[in-house]
Amino acid sequence: MAIPTAFSGAKLESLSSSAAAASPASIGLFCNPGRVRRLSIQKGLFNSGIRCEVAASDVVDQSQSSGNVNSSSSLSALEQLKSSAADRYTKERSSIVVIGLSIHTTPVEVREKLAIPEAEWPRAIGELCNLNHIEEAAVLSTCNRMEIYVVALSQHRGVKEVTEWMSKTSGVPVTEICKHRFLLYNNDATQHIFEVSAGLDSLVLGEGQILAQVKQVVKVGQGVTGFGRNISGLFKHAITVGKRVRTETNIAAGAVSVSSAAVELALMKLPESCHTTARMLVIGAGKMGKLVIKHLVAKGCTKMVVVNRSEDRVSAIRDEMKDVEIIYKPLNEMLKCAAEADVIFTSTASETPLFMKEHVVDRPPVGASVGSLRLFIDISVPRNVGACVNELEDARVYNVDDLKEVVAANKEDRLRKAMEAQAIISEESKQFEAWRDSLETVPTIKKLRAYAERIRVAELEKCMSKMGDDISKKTKKAVDDLSRGIVNKLLHGPMQHLRCDGSDSRTLSETLENMHALNRMFSLETDISVLEQKIRAKVEQTQK
């Protein structure tokens, strides 16, 4: 749930001279003002950022993409690495990319089609990491956002592949996704997830539910191939940032949740005289439903009906709120209960609507004392109540996008709190980027060890051949141990100077200088060879 935040603007890709010679279809258009399809400007509370959005080549003809995209990209990926597009691979390291659709950019009717249930996150991660240019992935899908985080070998190709995957799995055309999506890279992606976790990107500033949802991404991702070091590190750091912002600022003071905003919206639409007497129905007793019940009680409601699949959760809520009359009804009595209610809150995980026009049209009208309108407050994504219900004269439907009306007030206070939190987020972003920079030395460490081991083994074999066949196993082991000891002692100094935890910028800078020096001295060519190996592995995996 999110207030518009300060996106510092996605890093804009530029065309290298070698890439410019390739065909437009293979390169794509980036931020050439005369050719880019559109720029999305999102105005935040405390600044505004411009995002370079979909390029003309991102809009894939659907009939063409269905049969040719996967096979052609699989066959050409390695060739592109070594020919016209080689410059783009070798000049950029793997990038963290966010392809997102949120309440700020995308209407609920599109978001609900793209939503991925939590149980499907591991499958989605696996499918995303099977794409040619995606190494790692994570999915954050809530009522107000559907964001995919990936580590991409190539920013442009990675975004293109993920967008096509989103279209294929949701049925939403690529053009429609590109119309609403936002793209963030590296530092901007890091800052965004930190803002999300801290509640700065929530419709209700500082609300706590989003932090729990970020934690769930890590919990679900544990042990899933593809939820790798960079992405898991990013989300774990985001949890730390979310906790720190809430501890060190007063951003959560007076903050309300989606559920409480839903209750506030209902009370805004009801005559004040009936706030405590209107007949309330809550459908769904999960986390959101329970919060709705709590906030109704806080507003003076002492009686309500709760429809749920089973009675266990309702009984637990009833035990917790002993002074409130909570009546349980099973799902098969839902329509009957709705006919007897003035306000219906829906918060279930159903992927199909519970209420359509035909379910409501013949129900007894509500009284004039409650405004003669039956209110449906739907805080589910996908939606539980069809928009067609609004066509009835005696019914009104409000969904999560309508909650903006509740939080429109106190904008200045939210601005002040957000500014306090931004200082913490900026500090934590630098720490995370330093940690990620420190990971660059890992391939060099591995290659240097492998280089030294090849020399050791070769020289050991020469030595053994000169010593003859009659040497004892004990002598062989002693010579082998000697060679290993010499190599380890020689490597100890260089290895120490390649290790850094990323917490000290001076040490990190020196470590990266040492890495580049060792790459030159020993001709390790780490960046090119590692990227080539990754692309080759992707191609081989696709062709199996």
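The values are calculated or read from the model by the stated rules, or taken from the named source; none is laboratory data. Everything quoted here is computed from the prediction, not taken from an experiment. Positions of Cβ are backbone-derived with ideal geometry, glycine not excepted, and every protein chain shown enters the neighbour counts. Surface areas here come from the heavy atoms of the whole protein model, side chains and all, with no ligands, DNA or RNA. Shrake-Rupley method; radii C 1.70, N 1.55, O 1.52, S 1.80 Å.
Among the residues of segment 455-478, those that are basic (K, R) and either open to solvent by 100 Å² or more (accessible area, probe 1.4 Å) or in contact (Cβ under 8 Å) with a residue 40 or more places away in the chain (or both) comprise K462, K466, K473, K474, K477. Restricting attention to segment 133-143 and to residues that are open to solvent by 10 Å² or more (accessible area, probe 1.4 Å) and part of a loop (DSSP other than H, G, I, E, B), the residue that is farthest from A238 (Cα to Cα) turns out to be C143. Here is the figure for segment 311-326: residues that are within 18 Å of K287 (Cα to Cα), touching a strand residue (DSSP E or B) at 6+ places or on another chain (Cβ under 9 Å) and open to solvent by less than 100 Å² (accessible area, probe 1.4 Å) total 6.
Scanning segment 367-397 for residues that are assigned to a loop (DSSP other than H, G, I, E, B), more than 19 Å from I103 (Cα to Cα) and touching a residue at least 60 places away in the same chain (Cβ under 8 Å) yields G371, L373.
The C-beta contact set for segment 331-353 (first residue farther than 27 Å from E118 by Cβ, second residue assigned to a helix (DSSP H, G or I) and open to solvent by 20 Å² or more (accessible area, probe 1.4 Å), distance under 8 angstrom, 6+ apart or interchain) comprises L335/H359; A338/H359.
Quick grid of which residues meet (1) in contact with a helix residue (DSSP H, G or I) (Cβ under 8 Å, 6 or more places away or on another chain); (2) in contact (Cβ under 8 Å) with a residue 40 or more places away in the chain; (3) open to solvent by 10 Å² or more (accessible area, probe 1.4 Å):
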{"site": "T105", "(1), (2), (3)": "yes, yes, yes"}
{"site": "W121", "(1), (2), (3)": "yes, yes, yes"}
{"site": "A124", "(1), (2), (3)": "yes, yes, no"}
{"site": "Q155", "(1), (2), (3)": "no, yes, no"}
{"site": "E164", "(1), (2), (3)": "yes, yes, yes"}
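The residues in segment 321-366 that are under 14 Å from V389 (Cβ atoms) and part of a helix (DSSP H, G or I) can be counted, and the count is 7.
Considering only residues in segment 362-377 that are of a type in the set (A, V, I, L, M, F, W, C) and within 12 Å of A338 (Cβ to Cβ), the one that is nearest to the chain's Cα centre (by Cα) turns out to be F376.
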